[in-house]
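The values are calculated or read from the model by the stated rules, or taken from the named source; none is laboratory data. It should be emphasised that the depicted structure is a prediction, and the values quoted were computed from it without experimental measurement. Methodologically, a virtual Cβ is constructed for each residue, glycine included, from the backbone with ideal geometry; neighbour enumeration extends over all protein chains shown. Keep in mind that these areas ignore ligands, DNA and RNA; they rest on the heavy atoms of the full protein, side chains included. Shrake-Rupley method; radii C 1.70, N 1.55, O 1.52, S 1.80 Å.
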Amino acid sequence: MAKAHDIWYNLTAEQALSSLGSNPDGLSSTEAKSRLAEYGPNELRHSKKISPWRLFLEQFKDLLIIILLVAVILSAILGETVDAIVIFIIILFAAGLGFIQEYRAERSIEALKKMAAPAARVIRDGKHQDIPASEVVPGDVVLLKTGDRMPADGRLLESINLRTDEASLTGESTPVEKKTEPIGFEAGIGDRRNMVFAGTSASYGRGTAVITTTGMNTEFGQIARLLQEVKEEETPLQINLDRMGRMIVIAALSLTFVLAVLGILRGHGVLEMLLWGVSLAVAAVPEALPAVVTISLSLGVQKMAKRHALVRKLPAVETLGSTTYICSDKTGTLTQDQMTIRHIFVDNKILEVNGSGYEPRGEFLDRGKALDPKSIPTLQRLLLAGVLCNDTSLSNENGAWDIKGDPTEGALVVLAAKASLSQQELAQRTPRLHEIPFTSESKRMTTVHEMPQGRTAMAKGAAEVILGDCRYVLLQDKEIELDTATRERILSAAQEMADNALRVLGLAYKSSFLSESDADVQKNMVFLGLVGMIDPPRPEVKEAIKLCDRAGIRTVMITGDHKATAIAIARELGLMKGGLAYSGAELDQLSQGEFEELVEKIDVYARVSPSHKLRVVEALARKGHVVAMTGDGINDAPALKKADIGIAMGISGTDVTKEAAGMVLTDDNFASIVAAVEEGRGIFSNIKKYLVFLLSCNLGEILLMAAAILLGPLMGLENGVLPLIAIQILYLNLATDGLPAIALSIDPPDTDLMLKKPRPRNQTIFTRPVMTYLLVAGLWTAVVSLAVFVWAVNTGRGIQEAQSLCFVTLILIEFFNAFNCRSLDHSLFRVGVFKNRWLWLAITWECLLLLLIVYLPPLHGPFNTFPLAWWEWVTAILAASTIFWGLELFKLVKRLLGIKKQQ
């Protein structure tokens, strides 16, 4: 028996049967049972499942989570019960979120299994039998009719007008005509016209096929295997946070250990320094980071849902913000998935038709000038033929226009409706008497109608077929005998339309015939004209692609459609910018090295298979790109899972694709992806604002304490005197790591977000500008706070009062810094002082709490505070505000230097 499953389409039906040890009467029951034992059941196998418990425990591998667990234990030992509980809740929240994401991702294969056919009709022992699809074996002869789902891959033995819907497997938007002749060359899945595939269904006609491969060896099974083998990459956010977590933890623990040891050497008690060191370490580690990130992402999810994007995996929100490549499907995403007639050839000239989709609105144009279609009798006759020789209807439900039937026929009905021709009225006035249906052999359809002038036949089909059966042509409402020059002019017009990727149909009629035999009706007809149609681009997509260009994001089309059609749509959208277009077959001719050299130059991929899509994603990833991949069919699932962000179609997408994707578009619209990219960028920007604010504050606190311990004696401070005690450090941690930080994480997005290039995949949050800002803000915080503390001590105030004044000043500095952090580049006055009302509310609340701590006697002991005079508040506010004006000046200088550098 032949083993290579990719050669079946090049064998004759007889050779295929012989290779499989079968015959047209099928296998015997005994042989089928033997083969079932040999090949196993016709099912998709799942790789070994990870138990939910293991999935949950794996969430605790993260270094930041481990450090937070240590902080919980130390806080509990030292009696800080509230801190311990709060941090532990944050840990559970973060771990639970990760668990839910990964558990849901494991369901992709289960959804794939549900698409398999439940039963099959086969010929065994020479009789027709219905058996479970899982019992189908190679060599079985399967019977197919309209609506049947194919149980496995097979080679067609018989095809009676058989057409199959392979959209979920190949991306082909229209049903595929099937034949039985060998292909004769190496063909991609979409071009194997004599094969049928598991998971696809018969949309028209009937046929028989011999099963060639079952289970995991089918094309469907190959996708399942790819899904199992594909490992999801860490998102840029996860990489950034892991790296940052390690840096912060190592730096914080090292520094606090050194400072605690120095404190002990300077005379502080060991227990006091241990408590102080843990407090400082906990303050330095951003334990609210998982919560803030989750809140940012969750709010981003809500905003994106309003913009037609549903997010299944939270990190995907931020990943969109760093996307450098969007690999988009054509049909339904870049285009409307609604065939529309663009050009009509009548009376030896080409007319244009505007409007798009199935809405019956649009004008007929002759060289750009609008015309009344009633003024051209030949056009009226062509529109009439298109409507009558048609089995598709147009309907309006809840304001949305749609068709019931074939998209090509639907385009003809809509065209007539644009000329105010009602299909229903015409059908009543000119009842159909006879029909010669379309077949893949005849490539035409003819209907006979009762009309006022007598019985008339209307025909439509492939242009060359219709023209070949015509003896006359209708010109200026006169039937003229077709000559060679006119035929060549018609064929030239058809070729011109085809070169522009239009699907071309010819239309004809015949108003007198000797008999109603099929042969006579379709002979010596009168040629009416041609129509050229295409699935048009969505009107909003062109602008969305321009926005991507400005944002430094490359858009690439990946489609199962033909290359010429793909190129035409890409050019119309402005997607082809001097780049290349490759078909799947051409990609197969390239080595991996050759492909990686070309991958950044290719704008269009046509007639591609699942492995091609995966290859594109992997090649771009190796070039350092962050790749977003859209898809709707099961063939897209492996590439969606492999991509940094997989985007499934909510309307046309299969359950498999949605399960593998990180995001689902509810309107299948490319423009919604660009809106989601903008949200993603805003989210990362806000997470960065939060981190810069938090870490600059924490750095200021650490530098303040380090300077007091190391340089205290030089500044006249006695041994054992520190600016802050442990409880004050912990409170500062809550005040800065709490509401103001969360308010920054929901800051309105910067206006220039989509004018910046995407950040590189390996770029850390701590870029040079961020590090410079952190150092400037941290040093300023430490210097001002320490200066106030030393001034208070040196002017005769008690230690408790001096610590209170330092404590208040430090908190106020951090509040001013929060406003600074709303933009690291622009002035607050440009960003908008009052645009973030949540930040104002957070700071107002924190100020009220601070007043209680300073003036409420029961809190003086625990917090070591002292009631301050009004002028001391003025001193603290003036000293604290210097950070705002200082950083405003810093940002101004940075902007001026940036402008100078650009010039």
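Taking the stated definitions as given, is T772 open to solvent by 10 Å² or more (accessible area, probe 1.4 Å), hydroxyl-bearing (S, T, Y) and under 22 Å from N698 (Cα atoms)?
Judged against the criteria, T772 is a match.
Given the structure, is V893 at pLDDT below 90 and part of a helix (DSSP H, G or I)?
When the stated conditions are applied, V893 passes them.
Is it the case that some residue within the stretch 864-877 is open to solvent by 20 Å² or more (accessible area, probe 1.4 Å), among the charged types (D, E, K, R) and within 28 Å of V721 (Cα to Cα)?
No, that holds for no residue.
Cβ-Cβ below 7 Å, separation at least six or inter-chain, first residue in the stretch 674-689 and closer than 16 Å to G552 by Cβ, second of a type in the set (D, E) and open to solvent by 20 Å² or more (accessible area, probe 1.4 Å): which pairs?
S685/D750
Among the candidates A628, A585, single out the residue that is over 18 Å from the mean Cα position of the chain (by Cα) and not charged (D, E, K, R).
Going through A628, A585 in turn, just one is over 18 Å from the mean Cα position of the chain (by Cα) and not charged (D, E, K, R): A585.
Restrict the check to the stretch 357-377 and report whether at least one residue is more than 24 Å from R538 (Cα to Cα), surrounded by 14 or more Cβ atoms within 10 Å (Cβ to Cβ) and either in contact (Cβ under 8 Å) with a residue 60 or more places away in the chain or not assigned by the TED database to the domain that holds A462 (or both).
Yes, the stretch 357-377 contains at least one residue that is more than 24 Å from R538 (Cα to Cα), surrounded by 14 or more Cβ atoms within 10 Å (Cβ to Cβ) and either in contact (Cβ under 8 Å) with a residue 60 or more places away in the chain or not assigned by the TED database to the domain that holds A462 (or both).
Which one of these is under 30 Å from Y325 (Cα atoms), at pLDDT 80 or above and buried (at least 20 other Cβ atoms within 10 Å of the Cβ): L755, L724, L744?
L744
Restricting to the stretch 576-618, and then to whatever is of a type in the set (D, E, K, R) and part of a loop (DSSP other than H, G, I, E, B), can you tell me which residue is most open to solvent (accessible area, probe 1.4 Å)?
K577
Looking at V556, V599 in this structure, which one is within 19 Å of the chain's Cα centre (by Cα) and of a type in the set (A, V, I, L, M, F, W, C)?
V556
When you look at L394, is it crowded, with 16+ Cβ neighbours inside 10 Å and more than 39 Å from the chain's Cα centre (by Cα), yes or no?
For L394, the condition - crowded, with 16+ Cβ neighbours inside 10 Å and more than 39 Å from the chain's Cα centre (by Cα) - is not met.
Mind checking whether some residue in the stretch 643-665 is assigned to a helix (DSSP H, G or I), modelled with pLDDT of 80 or more and more than 15 Å from I223 (Cβ to Cβ)?
no
Are any of the residues in the stretch 396-405 among the polar types (S, T, N, Q), assigned to a strand (DSSP E or B) and modelled with pLDDT of 90 or more?
Checked the stretch 396-405: no residue is among the polar types (S, T, N, Q), assigned to a strand (DSSP E or B) and modelled with pLDDT of 90 or more.
Which of the following residues is buried (at least 19 other Cβ atoms within 10 Å of the Cβ) and modelled with pLDDT of 90 or more: L27, L44?
The unique qualifying residue is L27.
Do the conditions hold for L598, that is, is it touching a helix residue (DSSP H, G or I) at 6+ places or on another chain (Cβ under 8 Å) and outside the structural domain of E166 (by the TED database)?
It is false that L598 is touching a helix residue (DSSP H, G or I) at 6+ places or on another chain (Cβ under 8 Å) and outside the structural domain of E166 (by the TED database).
Among helices (runs of 4 or more DSSP H) lying entirely in the stretch 818-876, which contain 1 or more residues that are under 22 Å from Q800 (Cβ atoms) and in contact (Cβ under 8 Å) with a residue 60 or more places away in the chain?
Ranges flagged: 837-855, 857-863.
Give the stretch 321-345 a look and list any residue that's modelled with pLDDT of 90 or more, under 30 Å from I765 (Cβ atoms) and part of a strand (DSSP E or B), or say none.
Answer for the stretch 321-345, where residues must be modelled with pLDDT of 90 or more, under 30 Å from I765 (Cβ atoms) and part of a strand (DSSP E or B): Y325, I326, C327.
Scan the stretch 491-526 residue by residue and report those that are open to solvent by less than 60 Å² (accessible area, probe 1.4 Å) and of a type in the set (D, E, K, R).
K510, D520
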